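We did not get these values from a lab; they are worked out from the coordinates using the rules stated. These numbers come from a predicted model, not from an experiment. Ideal geometry is used to build each Cβ from the backbone, glycine not excepted, and the neighbour counts take in all protein chains shown.
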Amino acid sequence: MSTIGFIGLGNMGGPMAKNLLNAGHQVKVFDLVEASMASVVAEGGTANKSAADAVRGADLVISMLPASKHVEALYLGDAGLITQLDADTLIIDCSTIAPESARKVAAAAAEAGFDMIDAPVSGGVGGAVGGTLTFMVGGSSKALDIARPLLEIMGKNIFHAGDAGAGQVAKVCNNMLLAVLMTGTAEALQLGVNNGLDPAVLSEIMQKSSGGNWALEVYNPFPGVMPSAPASNDYAGGFLVDLMIKDLGLAMASALETGSSTPMGALARNLYVTHGAKGNGQIDFSSIQTSFQKQ
Ligand code: NAD
């Protein structure tokens, strides 16, 4: 049994921490939002007044925060967690952040004598609840070997992408492709509906044809086609438009840095930014479907 300091108990971190508790680990938690902490404490987690308190005596620290600035603020600086950890504590950051930000924090950790892996995830809230996430890991094999038993509780696919930051690069590529697939699927469905087709029938045809993709398989963006999908629940919950905009921003920054051509990603980012600016930032990203509807 390990003692884990878990920071950030939102839509993803909350269920991930609960799975660690259910597997018998001791989990010390901290979140800025009291209510998020309470739901994990109700299942056996220990509440803390600060992140520093939560990591005291921990074998491993796991963070699941919104963006780069939150992760850098948590770990770096005079009062950052890196200055508060017990010797030999392993740091696992599961947030989706900029690769260069992950490298910066990992370098500061290494300088202070700590191993760190970036381990962003794919699989959404359903994957976090079910313990079926995919982890994309950057860092040393030695650190991953120590982290693996915990990652296997929270996920079912664990990939070693390369050195520090490589997990974040893999995540950025995946989410850019996801945005392209979701916007493409939404416009194809709307084209069919505008031409008199039933969206459920069209979805089934495309899923079994060369247009088949993950959105059609498990996350159909058209309301009523797939009862379990956010589209059939007013696009509530799921993966927020604001988070997709963040990830597409990370993809564009990576493309600029490396001189990569990403025209499809750039267009998807434009569509999502426009959609988010119309007050849709806090609903599921499959709601891009509504931007193709005739007014
Ligand atoms: P969320 O906003 O629901 O949760 C983030 C939590 O972090 C919040 O509870 C917030 O209060 C807490 N927090 C922020 N700063 C903090 C600090 N300094 N100390 C302690 N707690 C702090 O976000 P989420 O959906 O759980 O996503 C977390 C990360 O996972 C993001 O980087 C996101 O891009 C990524 N991700 C999300 C999904 C998804 O489907 N929601 C899927 C894959 C990856």
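Annotations for the structure displayed:
- Within the chain, percent of DSSP bridges classed antiparallel, to nearest 5: 15
- Label positions at Ala107 and Asp145, each projected 7 Å from the Cα along the C-beta direction, are separated by 2.7 nm.
- Backbone N within region 217-249 under 11 Å of label point (7 Å from Gln207 Cα along the Cβ vector): 217-221, 225-229
- Sorting Asp59, Asp145, Asp115 by the number of Cβ atoms found within 10 Å of their own Cβ, with the fewest placed first, yields Asp145, Asp59, Asp115.
- Among the GluC sites (Glu not before Pro) found in region 1-81, those both in a DSSP coil and sparsely packed, with 14 or fewer other Cβ atoms within 10 Å of their Cβ, are Glu43.
- Cβ-based exposure ranking for Ile153, Ile288, in which fewest neighbours within 10 Å come first: Ile153, Ile288
- Each of Met64, Val180, Ala166 was scored by the projection of its Cα onto the charge dipole of the chain, and the greatest displacement toward the positive side belongs to Val180; charges sit on the C-beta of Lys, Arg, Asp and Glu.
- Within the listed set Ser39, Ser261, Ser68, the residue fluctuating most in the Gaussian network model of the chain (springs between alpha-carbon atoms under 10 angstrom) is Ser261.
- Put simply, when 246-258, 17-29, 186-198 are sorted by average Cβ atoms within 10 angstrom per residue, most first, you get 17-29, 246-258, 186-198.
- Across the chain, the relative contact order, built from alpha-carbon pairs under 8 Å that are at least six residues apart, equals 13 percent.
- Charge-dipole axis of the chain as Lys and Arg at +1 and Asp and Glu at -1 on Cβ define it, positive-most pick from Ser260, Ala119, Leu197: Leu197
- Modelled spin labels at Asp53 and Ala38, positioned 7 Å past Cα toward Cβ, are 1.7 nm from each other.
- Ordering Met154, Met1, Met182 from the fewest to the most neighbouring beta carbons within 10 Å gives Met1, Met182, Met154.
- Estimated distance in nm for a label pair at Ser228 and Thr83, the labels positioned 7 Å out from Cα along Cα-to-Cβ: 4.8
- Dipole magnitude of the chain, debye to nearest 20 (Cβ charges: Lys/Arg +1, Asp/Glu -1, about Cα centre): 420
- Mean-position separation - Cα centroids, region 25-80 and region 217-245, in angstrom: 29
- At R0 = 25 Å, FRET efficiency that the Cβ-Cβ distance of Val218 and Ser291 yields, to 0.05: 0.70
- Rg/Rh for the chain, where both radii come from Cα atoms and Rh is the Kirkwood radius: 1.00
- Of the cross-linked pairs Lys18/Lys246; Lys171/Lys246; Lys18/Lys49, those separated by over 24 Å at the C-alpha level are Lys18/Lys246.
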